[in-house]
Structures are given as C-alpha cells and as structure tokens.
Amino acid sequence: MAEHLENFGQVPIIRSQRNNAAQAVAERLDRKLRDSLRDTRNTFFNATPSQGFQAGHLNFHRPLLVLVDRTTDLATPLHHPWTYQALCHDLLSLSLNRVTLHLSDQMAKQGAKPKYGGVKEYDLGSEDVFWNTHKGSPFPNVAAAVEQELEDYKVAENRIKGLKSDLPETAEDAADLLLADNTAKLTSAITSLPDLLRKKDNIDKHMSIAMGLLDHIKKRKLDVFFETEEKIMGRTTLEKPLTELLSEDGCGSASDKLRLFLIHYLCSGNSSSANSAGAGSGNSSSEADMAAMLEALQAAGADLNPVNYMKQWRNIMKLSSSVSPDYGGGVAKTVSMFSKLLNQGSALVVEGVKNFVLKENKLPVTRVVDNLMELRSCEEDKNYCYLDPKLLRPQDASSAAARARTPFQDCIVFVVGGGCYTEYTNLRAYAGRKASAAPVPRRVIYGCSELLSPEGFLSQLSKLGAEIPS
C-alpha cells in the first residue's frame with residue numbers, strides 16, 4: 001500500500017477503525033511513511049509535476065485514506081447482486097477482466113457457439129465502451145441496452161445495404177455518379193464498415209453474457225432473493241415468512257438460501273427477546289423461527305459452519321459497544337414484471353424476471369466514507385483513529401484532527417479482510433452524485449486485501465466455522 005501512495009505522490013491523512021486488523025495496518029503504514037519522509041534519499045513525496053508524478057495534482061488538498069475492517073459489514077459481501085459487473089463476478093467467475101461462460105442447451109439453441117466443450121471466455125477490458133458504460137447498471141437496464149445496440153446496428157447495416165440500389169449499371173451512369181452525393185455516402189460506408197463489424201462482435205459478446213446471466217437468474221430465481229434481501233437490510237416487512245422461502249423447492253441453491261439466512265441473522269435483533277411475529281418483519285425472529293430456518297437449510301443440504309461462526313462473532317460483538325450497521329433503508333422497488341420479450345424475436349427472453357428501480361442508498365462503508373470526508377461530528381469520527389505521517393510527533397494527531405475544517409476532495413478506501421463489487425459500485429455511485437452536486441468533484445478509489453465473490457466469502461466463513469469446537 002505504501003508503494004501505491006508513493007506513486008500518487010501524496011501523503012494521506014489516515015483514518016482507521018480501532019481495536020482490529022485495520023488499526024494494525026494503519027499503524028504499520030504510518031511508521032513506514034514516516035520513515036520514507038525522513039529518508040533524504042527518498043524523493044517520491046517531493047516530486048514535481050515535471051517529473052511525471054501527481055504531486056501537483058493534489059498539492060493543496062491531501063487525500064484521505066480510510067482503512068475499514070470487514071467486520072464493519074458482513075452482510076453486503078453475501079448479498080445477491082443486481083448490477084452487471086457484480087453479477088458477472090458472482091455467476092460467471094469474473095477475474096482479471098475475463099468471464100467464463102458455460103453454455104447451456106437453451107443458449108446453444110439461441111445461437112451461442114461453444115469454443116471448448118461448451119465453455120467460452122470473454123475479455124472485458126477498458127476498451128470495451130459498452131462494459132465501461134453499463135457495468136454499474138442494473139441487469140434489466142443492461143438487457144435493454146444490448147437490445148438497443150443491436151437495433152442501432154441493424155439500422156446501420158440496412159443503410160449500407162440500401163446503397164447497393166444506388167450503384168450505377170452502365171459506364172455513363174458511373175460518370176454521373178462521380179459528381180453525385182452517393183460517392184461521399186459510399187466512401188463513408190466503406191470507412192465505417194470495420195468499426196461496424198467490431199461493434200457487432202461486441203454486441204454478440206454482451207448478448208451471450210446477458211443470456212448466461214439470465215439463465216442463472218431464471219433457474220435460481222435470483223430476483224426473488226435480491227428483493228427479499230433488500231427488504232431485510234432495509235427493515236421492511238416481508239410478504240411471506242422467510243421459512244417458506246427457505247423451504248421452497250426449486251427456489252435457489254443451498255448456498256443461495258444460506259446467504260439469505262445469514263443476512264437475516266446479521267440484520268435481525270436479539271433473537272432470544274423477539275417474538276414469532278417478528279419473523280415477517282425481517283428485523284427479528286423467535287427461537288422457534290430460527291430453529292425452523294436452520295432445519296430448512298439442513299434439509300436443502302446447506303453447510304451450517306458459517307452459521308456457527310456468525311453466532312460466535314455476534315456473541316463477541318455483544319461484549320463490545322459496536323453498533324450494528326445501518327443500510328439506509330434503501331429498498332429496491334419492483335416497478336413491473338417483464339411479461340414479454342424486450343424485442344420481437346429477441347434472444348433475451350426475460351419473462352417472469354422482476355424489474356427493480358434501485359434506491360440511491362449508502363452501504364455502511366459508503367456512509368463511513370461520506371462522514372469522514374465531510375468531517376461530520378458523528379460516531380465514526382470518534383471510533384476511527386487519526387494518523388498523520390507528516391506530524392513530527394504522533395501524539396499531536398488528536399489536536400490536528402480538531403483543527404481540520406476543509407472537507408476532503410479525494411479518498412482512498414481500503415477494506416482489510418476482503419471487498420466486493422457491490423461496495424465498489426455503491427462507492428462509485430456516491431462519488432458520481434457528489435461530482436454532479438458539488439462545485440469541486442470528489443474522487444474515490446476503492447481497494448481491498450482480496451476481491452471476494454459471495455461464494456468465495458461464504459467459503460471463508462465455512463472454514464472459520466469449522467475451526468469452532470462444537
């Protein structure tokens with residue numbers, strides 16, 4: 001991390017949680033940066049813009065480095081995502097900007113061609129304009145955008161085909177054509193043809209990826225899980241008891257149900273003091289409800305080791321003064337059901353999949369970043385230690401924090417213990433809203449010790465739970 005900060009050319013103000021791994025990382029980083037500043041041979045933080053560093057870019061406004069421990073929010077990494085990039089990471093093993101697509105029989109009938117035994121890989125790099133534009137968009141919006149791109153391509157293709165009727169049939173007509181506007185049209189069509197072909201390949205790629213995602217969503221009813229989890233995290237009443245969903249056959253895999261239960265367990269209150277009526281609210285459950293849910297998970301074949309770890313973690317948290325994370329009450333609103341094809345003859349048959357309008361809510365990590373960047377007097381300001389590597393005496397940090405009055409323009413967020421695309425997308429949306437509302441744009445960089453998919457995070461919880469003696 002110190003090397004990345006040296007590349008930025010700026011010494012940040014460090015804020016980290018107390019009494020956990022984030023504070024240990026922050027203190028070691030603070031010592032390392034102090035040693036670098038005292039070393040006269042080190043010129044990284046003394047670079048000028050002419051030397052190719054970004055020192056002049058943030059010369060008067062030092063960035064804020066926020067170190068957050070994963071235990072701040074254990075529910076978000078388990079949450080079923082609904083945005084394009086997060087879905088690709090969860091369902092198609094997105095890694096190093098490459099997705100792996102296992103073609104189903106239905107997808108093969110709709111025109112997808114397997115390359116190696118029914119498995120196809122696609123690169124999603126920075127040169128992919130569609131990916132850069134829509135990776136943070138909800139899946140139904142992406143499906144509609146793919147269809148629109150395909151329609152635009154067909155219009156351009158028909159326009160080029162229509163030029164064939166304008167071609168001359170005789171030499172005399174050819175001479176007249178040289179003086180006509182058709183010459184410019186043909187030249188423009190020939191020039192744009194390579195770009196049009198590349199656009200068609202990109203449309204086919206994202207059409208195949210969208211078909212793969214849709215196959216998973218419909219088969220596992222992931223829209224139902226997403227909606228239920230949003231209501232639980234937003235403290236909204238559920239339409240039916242959670243036990244019914246966990247016991248329903250053909251609705252999600254065992255890990256899908258386990259992730260849903262863990263989110264409910266993390267977001268619920270003290271189960272021993274709740275009554276059975278709380279099960280429908282998504283806020284709390286009685287002991288009988290919890291036992292019924294665990295029995296349903298066991299019947300579905302779920303691994304209950306993560307539950308054992310969560311129980312122990314929650315018992316430890318009761319001994320501390322930590323407050324359960326608030327998810328802002330931003331519940332996705334169901335606006336319609338996709339009852340027909342997006343387009344007549346489309347390969348994306350999205351019948352029965354719910355369409356949601358995502359609320360502009362702040363996840364716990366985003367809320368922490370917002371409060372610290374704006375220098376609000378809040379719980380985070382008290383619970384996060386203040387470190388400034390530029391101060392000669394570290395004990396002066398508390399007085400320096402009290403003198404700070406100007407909100408930060410740049411922030412680097414680093415999650416110790418693993419991050420996820422859902423948090424990254426939420427922070428990206430927050431930075432976009434701030435950039436459009438504030439006269440000075442806010443820039444946020446997201447980093448983590450490991451980028452975990454929900455299944456990967458569940459696997460780590462299972463290993464931790466297996467080490468707990470029964």
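The values are calculated or read from the model by the stated rules, or taken from the named source; none is laboratory data. These numbers come from a predicted model, not from an experiment. Don't worry about glycine lacking a Cβ; one is built from the backbone with ideal geometry, like all the others, and counts go over all protein chains shown. Heavy atoms of the whole protein, side chains included, go into the accessibility calculation; ligands, DNA and RNA do not. Shrake-Rupley method; radii C 1.70, N 1.55, O 1.52, S 1.80 Å.
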Worksheet entry | Considering residues of the range 123-143 that are within 16 Å of Lys199 (Cα to Cα) and not in a helix (DSSP H, G or I) only, the residue most open to solvent (accessible area, probe 1.4 Å) | Glu127
Discussion item. Contact list please: Cβ distance under 7 Å, first residue in the range 421-442 and over 16 Å from Val365 (Cβ atoms), second residue open to solvent by 50 Å² or more (accessible area, probe 1.4 Å) and not hydrophobic (A, V, I, L, M, F, W, C), pairs at least six apart or on different chains.
Written reply: Ala435/Pro441
Worksheet entry | Boolean, Ala143 is modelled with pLDDT of 80 or more, in contact with a Phe, Trp or Tyr (Cβ under 9 Å, 6 or more places away or on another chain) and not polar (S, T, N, Q) | yes
Fill in: Boolean, Ala466 is modelled with pLDDT of 90 or more, more than 26 Å from the chain's Cα centre (by Cα) and open to solvent by 40 Å² or more (accessible area, probe 1.4 Å)
yes
Practice prompt. Return yes or no: is Leu392 at pLDDT 90 or above, farther than 30 Å from Tyr84 by Cα and aliphatic (A, V, I, L, M)?
Written response: no
